Amino acid sequence: MQFMETVTFGSGCFWCTEAMFQQLKGVSSVVSGYSGGHVENPSYEQVCTGRTGDAEVCQIQFDPEQIPFEELLDVFFSTHDPTTLNRQGNDVGTQYRSVIFYHSERQKQIAERVKAELGESGTWKNPIVTEIVPFEKFYPAEDYHQNYFRNDPNQGYCRLVISPKLDKFQKVFKLKLKI
């Protein structure tokens with residue numbers, strides 16, 4: 001029996017995050033949703049107000065023998081700007097914050113180490129503001145948010161925002177893709 005792990009990442013709009021992580025070898029599922037807030041089962045409209053405390057996140061189930069947690073962190077930190085507080089591109093608000101909701105003490109230790117190493121590396125000119133906090137609850141987003149890019153790749157946001165990010169992602173991580 002294969003052992004699966006779960007991690008929950010917030011890195012801006014969950015549509016972009018989902019589209020990338022779905023393509024990685026070793027990732028068995030990616031579910032868009034909400035985490036980190038204080039409202040039970042919030043709706044997209046509630047989260048968009050910024051008043052629920054939730055971040056748009058993707059809950060990722062993966063096989064650590066096929067893709068180690070460190071490699072998921074590499075993808076996470078490489079595919080968004082972890083130095084902007086509560087903002088990714090034109091998306092602004094606490095719901096778009098950079099956050100890792102860890103599911104084990106091991107994930108916490110690895111995430112803190114990787115964040116510190118990246119901070120010292122000089123990769124970014126500004127400090128990394130990614131939160132590393134314990135996972136508590138996850139609420140799946142409404143059905144129309146799931147597999148958003150796969151279901152409607154010609155939608156305006158998908159063509160203008162997600163497609164260019166995916167093109168770059170696929171070039172950088174081509175050896176890690178399911179293909």
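The values are calculated or read from the model by the stated rules, or taken from the named source; none is laboratory data. Owing to the predicted nature of the structure, the values given are computational and were not obtained by experimental measurement. All Cβ positions, glycine included, derive from the backbone under ideal geometry; neighbour counts span all protein chains shown.
Miscellaneous remarks
- Candidates Val30, Val129, Val57, filtered to the one that is under 27 Å from Lys176 (Cα atoms) and either part of a helix (DSSP H, G or I) or touching a residue at least 60 places away in the same chain (Cβ under 8 Å) (or both): Val57
- Test result for Phe149, within 12 Å of Trp15 (Cα to Cα), in a helix (DSSP H, G or I), in contact (Cβ under 8 Å) with a residue 12 or more places away in the chain and not aliphatic (A, V, I, L, M): yes
- Under the condition of being of a type in the set (Lys, Arg) and either under 17 Å from the mean Cα position of the chain (by Cα) or at pLDDT 95 or above (or both), the residues counted in the stretch 110-126 number 2.
- Screening Glu40 with (1) surrounded by fewer than 20 Cβ atoms within 10 Å (Cβ to Cβ); (2) assigned to a loop (DSSP other than H, G, I, E, B); (3) touching a helix residue (DSSP H, G or I) at 6+ places or on another chain (Cβ under 8 Å) gives one miss only, at (3).
- Listed by first and then second residue, the pairs linking a residue in the stretch 161-179 that is aliphatic (A, V, I, L, M) to a residue that is part of a strand (DSSP E or B) and surrounded by 14 or more Cβ atoms within 10 Å (Cβ to Cβ), with Cβ atoms under 9 Å apart and 6 or more places separating them unless they lie on different chains, are Leu177/Leu24.
- Filter pass, Leu175 being surrounded by fewer than 13 Cβ atoms within 10 Å (Cβ to Cβ) and more than 16 Å from the chain's Cα centre (by Cα): yes
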